[in-house]
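To start, the structure under review is shown below, and the notes come after it.
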Amino acid sequence: MSKKQKKVTLLWGLPGSGKSTYAGEFDNRSYGRRAESRRIDIDNLSKNQSGDNLIRTIANEALHNLHYHNGVMLDGLVTTNAVAEKIFSAIKFHPESSNFEIHFEIVWWSKSVEDCLHNDRGRRKLNSRTSIENIPFEEPSEELLEKFNISEKRCIRKRVVRKPEHKAWAGENDLGDADKLYSDSWSLGGTWGNCWGDTGTVSPGAPLTSFQEFDDLLERICPTINFLTYKKLYNATVSIEDYSEGDYYGGSVTYAKFVCDLKKLHEMLSEMQLI
C-alpha cells in the first residue's frame, strides 16, 4: 500500500521579506473539507523554548498537522543551512514520518536589508532592525538540497517586494496592514423571519454623526490641522459603505459605516507636507 504524499515547505529569509504574507495565502486553503496546507508559526513556538527543544517541537507540530493536511508551511526566522538542516532532519527522522512520503521544499527570499527594513516598519511594537542588519544569512546550499532530495523546482527563489508606502505608514500608526479605516456601523433596517412563516421589519438605528476613528487619527498625526484642511481631507477620502447580513431564518438587515481610503489620505497628507 503506497504511502500518502505530503509536503513540508520551509520559508527562508530575513524579517520583513514577506514570508508571513506568503504563508497567509496558503494557510487553510480549502481542499475538500480540509485545508491543503497549514502554517506553523515558529516565532510563536519560540516564545517558550529554544535550541534543540524548539527543533523537536517544530517537528512534532509538523507531523501532527500532516495527519490532517496535505502539507505544512514552516514560517519563522530561518537564514542558514545549519538551522534548515536541523529542522528537516528532525522531521525526516521523526517516528511518525514513516506514515508518509514527505517531500521537502524551500521558498527563500534574497537578502535585501533596505527593503526588509522598510517592510518591517509598524509590523510590531518592537522592530526587527538589529536582526535584519546583523544576523547571518546564507543561500540554500547544494549540499542541503542534495541531502533532502530537493529539486531545483522545489527550491523557489523570491525577491523582496517593498510594501506600498501607505501600508508602512498605516502600520506605524497602529492601523495594521490596512488600505481602509472603518467606523462602527449602524443599522439601516431590514426584515426578520421565523420557521412559522412570520415576517416583520427591523427599524433602522440612529446613524453616526461623526467618524470618530478618522478624527482620532488626524488628531494624533497632525493635531494643529485647521478646519478647512480637515474638511478637504474628509470630503476627498471618506465615504459611506453599506452591507447586508442575513440570518438562519431568512431575516436580513442592512448596515452602514464610514470608510476612509488610507492610500488617498496618505497621498494628500504627504502633498500637504503634514506628514
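Quick note: the coordinates plus some simple rules give every number you see, no bench work behind them. No experiment lies behind these values; they were computed from the predicted model shown. Ideal geometry is used to build each Cβ from the backbone, glycine not excepted, and the neighbour counts take in all protein chains shown.
Observations
- From the coordinates of this entry, Cα Rg over 2.2 N^0.38 Å is computed, and it appears in (1) 1.08; (2) 1.03; (3) 1.32 under the label (3).
- Between GLN212 and TYR248, the FRET efficiency estimated from the beta carbon spacing at R0 = 45 angstrom works out to 0.90.
- Exposed loop sites were defined as chymotrypsin sites (Phe, Trp or Tyr not before Pro) in DSSP loop states (anything but H, G, I, E or B) carrying at most 11 other C-beta atoms within 10 Å; in the chain the longest segment without such a site runs 94-195.
- For the residue pairs LYS92/LYS153; LYS3/LYS163; LYS125/LYS153; LYS92/LYS163; LYS47/LYS263, the alpha carbons lie more than 31 Å apart in LYS3/LYS163; LYS125/LYS153; LYS92/LYS163; LYS47/LYS263.
- Remark: the Cα gyration tensor places the range 1-148 in the prolate category, a/c being 1.5 or greater and a/b exceeding b/c.
- LYS147 sits among other residues whose Cβ lies under 11 Å from its own Cβ, and their net charge, with Lys and Arg +1 and Asp and Glu -1, is -3.
- Environment charge of SER97, counting only residues whose C-beta is closer than 14 Å and scoring Lys/Arg +1, Asp/Glu -1: +3
- The value of relative contact order for the range 14-139, using C-alpha pairs under 8 Å at least six residues apart, is 32 percent.
- Difference of contour (0.36 nm per residue) and Cα-Cα distance, GLU138 to GLU172: 9.3 nm
- About the Cα centre, charge dipole magnitude for the range 180-271 (Lys/Arg +1, Asp/Glu -1 at Cβ), debye: 300 debye
- For the chain, the Cβ-based charge dipole about the Cα centre amounts to some 720 debye (Lys, Arg positive; Asp, Glu negative; other atoms uncharged).
- Only aspartates and glutamates eight or more places from LYS232 in sequence, or on another chain, were considered; those with a Cα closer than 20 Å are ASP179, GLU213, ASP215, ASP216, GLU219, GLU241, ASP261, GLU267, GLU271.
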